[in-house]
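Take a look at the structure set out below.
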Amino acid sequence: ADRTDPAVLRELIATELLAARERTALLTGAVEDAELVAQHSPLMSPLVWDLAHIGNQEELWLLRNVGGRDPMHPEIDPLYDAFEHPRSERPSLPLLPPDQARAYAHEVRGRVLDLLAATPLEGAPLLDAGFAFGMIAQHEQQHDETMLITHQLRTGPAVLDAPPPPAAEGVLGPEVLIPAGPFTMGTDAEPWSLDNERPAHRVDLPAFWLDTAPVSNAAYQAFIADGGYREPRWWTPAGWEHRMAADLTAPLFWTEQGGQWLRRRFGHLEPVPPNEPVLHVSWYEADAYARWAGRRLPTEAEWEKAARHDPATGRSRRFPWGDEPPGPEHANLGQRHLRPAPVGAYPQGESPYGARQLIGDVWEWTASDFTAYPGFRAWPYREYSEVFFGPEYKVLRGGSFAVAPVACRGTFRNWDYPIRRQIFSGFRTARDAEGAGEV
Ligand code: AVJ
Ligand code: FE
């Protein structure tokens, strides 16, 4: 698609906004209103908050900032400002009830589509390449992932359904070698990249080995069976303290019954599938597993080099498979499936170095803190990224089965606290390759 053609770009934006809204409608329409206003976990907002927050951010950025319109309901703004009230307190706020929240988001969207038709997609930084519209489509999809996390935390009968992901293909070696050398990290070119992905900059890395695919449940069960959760030497001091305080013994949603591990998944109880990437582990657990395995988590730069660097041209590409947008043959994205694919799936999504499933399936914890790239400039608001920079947050890369293609690329950065595991988080491990990387 030629995004420099305004008609094509408008069509693309409208398609992305619609895709996000269909997903929002699915996630908020699958349960009764009583469940929309309920708190399913203190870690999450009630679903009805996400719904109106989606509409409120769309009104704020598109109707007010781009369109210059007056606020529709200024009195509700503080209710839906994520920095005003912690998630745990949101159920007790005087939120819009479900029918009004839906009507508000719908009303905003109608006006946004009129605005899109009437606005030049150039001539101002928020407008260039339709950036503000792209940011809002990504924002809604990010909250759709958040709402899917809430669905996973909710108890009760299953309400969501999807076909299984594709099977593994081929026989893979355990790890791939990424030779030493510089690569370009981050981007100046992605039109809808968010501020923390910019600017592009060169990073020189020593050679390293990286797991071909994410760590599987079977491999993780070996760590559990070997007493990994009882052995402080595998854990960082903060990790061990947390493991004790929170009484961690297995990934979230796992239970042992009669010597077998079962997991709860969107309302179903099932045996833990051995060949699926492990899911719902904290950074502390991922880090402890890696040390037990005699390995370590990859740094964020290592992850991105493995995912984007093309040794044939020396260029960094948008995705492991090249520059084409993700299709169903490349990666498990967009909630097409309600689970990660088995390790070794998606041969067409392989990177030049032979790594699989870097994009989609599970978010991958990295060793790195969430920090600004050299030359970072907060845009268009400090509260998207800048206020989170620092050692409290660890970076996750690659996106999960719950991430939409519009909010996923080789440069995309996610972050969370190292204790968090309700998110769709897994990991792969790495090790140094001293002397092996001369090219
Ligand atoms: C990038 C996933 C950490 O959900 O807190 C949504 C995305 N920012 N609304 C989050 C976001 C503002 C953000 N994460
Ligand atoms: Fe938000």
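If you take the residues of the range 2-54 that are among the hydrophobic types (A, V, I, L, M, F, W, C) and more than 25 Å from the chain's Cα centre (by Cα), which of them is least open to solvent (accessible area, probe 1.4 Å)?
If we take residues in the range 2-54 being among the hydrophobic types (A, V, I, L, M, F, W, C) and more than 25 Å from the chain's Cα centre (by Cα), then VAL8 is least open to solvent (accessible area, probe 1.4 Å).
Any residue in the range 133-158 that's modelled with pLDDT under 95: show its pairings with residues that are within 12 Å of ligand 1 (Cβ to nearest atom) and β-branched (Val, Ile, Thr) at Cβ separation under 9 Å, as long as the two are six or more apart or on different chains.
Matching pairs, first to second residue: none at all.
Examine the range 94-111 for a residue that is under 26 Å from the mean Cα position of the chain (by Cα), within 21 Å of ALA20 (Cα to Cα), open to solvent by less than 60 Å² (accessible area, probe 1.4 Å) and away from ligand 2 (no atom under 15 Å from the Cβ), and state whether such a residue exists.
Within the range 94-111, one or more residues are under 26 Å from the mean Cα position of the chain (by Cα), within 21 Å of ALA20 (Cα to Cα), open to solvent by less than 60 Å² (accessible area, probe 1.4 Å) and away from ligand 2 (no atom under 15 Å from the Cβ).
Could you list, in sequence order, all residues of the range 383-396 that are more than 12 Å from ligand 1 (Cβ to nearest atom) and of a type outside the set (Asp, Glu)?
PHE389, GLY390, PRO391
For the range 356-388, how many residues meet the condition of being in contact with a His (Cβ under 7 Å, 6 or more places away or on another chain) and within 16 Å of ligand 2 (Cβ to nearest atom)?
Adding up the residues that qualify gives 0.
Out of all the residues in the range 163-178, which are of a type outside the set (Val, Ile, Thr) and open to solvent by less than 30 Å² (accessible area, probe 1.4 Å)?
Result: PRO165, single match.
Exactly one condition in (1) open to solvent by less than 30 Å² (accessible area, probe 1.4 Å); (2) part of a helix (DSSP H, G or I); (3) closer than 26 Å to SER385 by Cα; (4) of a type outside the set (D, E, K, R) is false for PRO91; which is it?
Condition not satisfied by PRO91: (1).
With the condition kept exactly as written, say whether any residue in the range 128-146 is part of a loop (DSSP other than H, G, I, E, B) and either in contact with a Phe, Trp or Tyr (Cβ under 6 Å, 6 or more places away or on another chain) or more than 16 Å from ligand 2 (Cβ to nearest atom) (or both).
No, because not a single residue in the range 128-146 is part of a loop (DSSP other than H, G, I, E, B) and either in contact with a Phe, Trp or Tyr (Cβ under 6 Å, 6 or more places away or on another chain) or more than 16 Å from ligand 2 (Cβ to nearest atom) (or both).
How many of the residues in the range 195-213 are open to solvent by 10 Å² or more (accessible area, probe 1.4 Å) and either acidic (Asp, Glu) or over 18 Å from ALA312 (Cα atoms) (or both)?
Counting residues in the range 195-213 that are open to solvent by 10 Å² or more (accessible area, probe 1.4 Å) and either acidic (Asp, Glu) or over 18 Å from ALA312 (Cα atoms) (or both) gives 9.
In the range 351-388, what residues are farther than 30 Å from GLY173 by Cα, in a loop (DSSP other than H, G, I, E, B) and touching a residue at least 40 places away in the same chain (Cβ under 8 Å)?
ALA372, TYR373, PRO374, GLY375, PHE376, ARG377, ALA378, TRP379, PRO380, GLU383, TYR384, SER385
Looking only at the range 223-252, how many residues end up being among the hydrophobic types (A, V, I, L, M, F, W, C), touching a Phe, Trp or Tyr at 6+ places or on another chain (Cβ under 9 Å) and open to solvent by 20 Å² or more (accessible area, probe 1.4 Å)?
Qualifying residue count for the region: 4.
The values are calculated or read from the model by the stated rules, or taken from the named source; none is laboratory data. Just so it is clear, the structure is predicted and the values come from calculations on it, not from any experiment. In this analysis, Cβ positions are derived from the backbone assuming ideal geometry, glycine residues included, and neighbour counts consider all displayed protein chains. Only protein heavy atoms, including side chains, enter the accessible area calculation; ligands, DNA and RNA are left aside. Shrake-Rupley method; radii C 1.70, N 1.55, O 1.52, S 1.80 Å.
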